[in-house]
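Asker: I'd like to ask you about the structure that follows.
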Amino acid sequence: MKRDDLKGLKLSNPVHLAAVGFGSGLANKAPGTFGTVAAIPFYYLMSFLPLEMYVAVLVVSSLLGFWICHVTSRDLGVHDHKAIVWDEFVGYWITMVMVPFNIQWAVVGFILFRFFDILKPYPISWLDKKVHGGLGIMIDDIVAGVFAAIVLQLLIHFYG
């Protein structure tokens, strides 16, 4: 990743720090993958919450994410900069909703989320291209998380 792309980034700013996944999005290669890996320990902690609280954390994280991603993108001067990985955090947490922590399912969820996030089947690709701002940064990962969650729930139902 080019360091001149990050000249507006201030890790002392909590909004920027969250947007880059507490530093995980600063990886030179595959920052989205590193961001998703960084989301796993948070999922582990969230897995102890009752479902209602887990969903509340998802809603708040998503709503804050629209703003966090918008502000950081604006400050960097680049729409959906690769270093912004808060959307991967939320997308992975959506994938793992209603999944009690288990390393096997955490890895399968990781693979499924990355699959949908990278390949972007319709309507994910359409959303990625047509929706802008903080919502645009977040929405494709939210939908990728929903798709991955559906597949993961089916796998758990039939093989869990």
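Asker: Just checking, which of LEU112, LEU127, LEU152 is over 17 Å from GLY32 (Cα atoms), of a type outside the set (Val, Ile, Thr) and surrounded by 21 or more Cβ atoms within 10 Å (Cβ to Cβ)?
Answerer: LEU152
Asker: Do any residues in segment 28-54 that are farther than 15 Å from GLU88 by Cβ have Cβ atoms under 8 Å from those of residues that are at pLDDT below 95 and not in a helix (DSSP H, G or I), where the two are at least six apart or on different chains, and which pairs are they?
Answerer: ASN28/MET1; SER47/PRO100
Asker: On to the next question. Against the definition (in a helix (DSSP H, G or I) and under 22 Å from GLY21 (Cα atoms)), how does ALA144 come out, yes or no?
Answerer: In short, yes.
Asker: Scan (1) closer than 18 Å to ALA144 by Cα; (2) among the charged types (D, E, K, R); (3) assigned to a helix (DSSP H, G or I) for the single condition GLU52 breaks and write down its number.
Answerer: Going through (1) closer than 18 Å to ALA144 by Cα; (2) among the charged types (D, E, K, R); (3) assigned to a helix (DSSP H, G or I) one by one, GLU52 breaks only (1).
Asker: Can I ask one more? Within segment 98-111, which residues are in a helix (DSSP H, G or I), farther than 17 Å from VAL85 by Cα, without any contact (Cβ under 8 Å) to a residue 60 or more places away in the chain and hydrophobic (A, V, I, L, M, F, W, C)?
Answerer: Within segment 98-111, ILE103, TRP105, VAL107, VAL108 meet the criteria.
Asker: Within the group ARG114, ARG74, which residue is assigned to a helix (DSSP H, G or I), within 22 Å of VAL143 (Cβ to Cβ) and basic (Lys, Arg)?
Answerer: ARG114
The values are calculated or read from the model by the stated rules, or taken from the named source; none is laboratory data. The shown structure was predicted, so the numbers you read here are calculated from the model rather than taken from an experiment. Glycine gets a Cβ as well: all are built from the backbone with ideal geometry, and neighbour counts include every protein chain shown.
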